[in-house]
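Let me begin by presenting the structure, written as structure tokens, before commenting on it.
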Amino acid sequence: MRLYPAIDLLGGSVVRLAQGRYDAATVYGDDPVAVATTFVEQGADRVHIVDLDAARSGDPVNRVAIARVVAAVSGRALVQVGGGVRSVADARELSDAGVWRVVMGSAAVADPTLVRLVANVVPVAVGLDHRGGSLAVEGWTRDSGVELADLAVRMEGADAFVVTDISRDGMLTGPDTDGLARLAAATEVPVVASGGVGTLDHLAELVRVGSLEGVITGRALYENRFTVSEALAVLGGRS
């Protein structure tokens, strides 16, 4: 399995939200380049960035910071970016900045055909962010009324699915291994787990699912529950 250390940006700062709540943000610093560089120096060859401002409002205020991160780790790690990617133009701007893959959530839920159009510009991971199986959009602030399983089978052009159980995100209580296993068994699209990882044992549980492409983790790294290098050892030494 691949490891995707996460950097969530809000107003230029590195933060983590609890269960997707913007009023429950913990700030971990104001230098995303330094954070990304530390992850890469420990062995990560992927970095996952979320522009929380763009996800909520559509205002891509963190694009300059994202471009700086991409430049800093160029040649050593690939950067995947989500949050506010709602058009081909958004995807092209990120691709031009050197982003390897974009993550589309709200726009993909609203118009699944957009995924194939964006995939002509840059690889697309579709973010399936859900509460109890119902997909949330607009920075997780609104329930879309669309079921995760229904959308997954209709999504064409996706390079991967990034699946986040919002109730577990940032809580360190463990991932939804059963739900992830069911989705991975139902699709040929690679599935990346996100949300709930708080210990090395949680990572081992995901490895035992046996069909996941990767895992995104953030808060556990920031709070020194484990290091990138320790996580890679559990995942088989592969970032």
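The values are calculated or read from the model by the stated rules, or taken from the named source; none is laboratory data. Everything numeric here is computed off the predicted structure, so don't read it as measured data. Don't worry about glycine lacking a Cβ; one is built from the backbone with ideal geometry, like all the others, and counts go over all protein chains shown.
Is one or more of the residues making up segment 12-22 charged (D, E, K, R) and modelled with pLDDT under 95?
For segment 12-22, residues charged (D, E, K, R) and modelled with pLDDT under 95: present.
The conditions of being closer than 27 Å to Tyr28 by Cα and charged (D, E, K, R) are not met by Arg182.
Name the residue, out of Thr177, Thr199, Thr227, that is closer than 18 Å to Val163 by Cα, among the hydroxyl-bearing types (Ser, Thr, Tyr) and modelled with pLDDT of 90 or more. Even if it seems obvious, please write down each step before you answer.
Values: Thr199 fails: closer than 18 Å to Val163 by Cα; Thr227 fails: closer than 18 Å to Val163 by Cα.
On inspection, the qualifying residue turns out to be Thr177.
Residue selection: Met155 fails the criterion of being surrounded by fewer than 22 Cβ atoms within 10 Å (Cβ to Cβ), in contact with a strand residue (DSSP E or B) (Cβ under 9 Å, 6 or more places away or on another chain), farther than 30 Å from Asp111 by Cα and at pLDDT below 90.
Among the residues of segment 173-197, those identified as under 23 Å from Gln19 (Cβ atoms) and within 16 Å of the chain's Cα centre (by Cα) are Pro175, Asp176, Leu180, Val191, Val192, Ala193, Ser194, Gly195, Gly196, Val197.
Taking helices (runs of 4 or more DSSP H) that do not extend beyond segment 36-121, which have at least 1 residues that are in contact (Cβ under 8 Å) with a residue 40 or more places away in the chain, crowded, with 19+ Cβ neighbours inside 10 Å and polar (S, T, N, Q)? Give the derivation first.
Working: elements: 52-57, 63-73, 88-96, 106-110, 113-119.
Ranges flagged: 106-110.
Residues in segment 52-86 that are at pLDDT below 95 and either among the polar types (S, T, N, Q) or on the phi > 0 side of the Ramachandran plot (or both): 4 in all.
Every listed requirement among (1) assigned to a loop (DSSP other than H, G, I, E, B); (2) closer than 28 Å to Leu200 by Cα is met by Val27 save one, (1). In segment 77-101, what residues are out of contact with any Asp or Glu (no Cβ under 7 Å at 6 or more places or on another chain) and not hydrophobic (A, V, I, L, M, F, W, C)? Residues satisfying the conditions are Gln80, Gly82, Arg86, Ser87, Asp90, Arg92, Glu93, Ser95, Asp96, Gly98. Per the listing Ala119, Ala97, Ala160, Ala107, the residue uniquely closer than 24 Å to Gly12 by Cα, modelled with pLDDT of 95 or more and not acidic (Asp, Glu) is Ala97.
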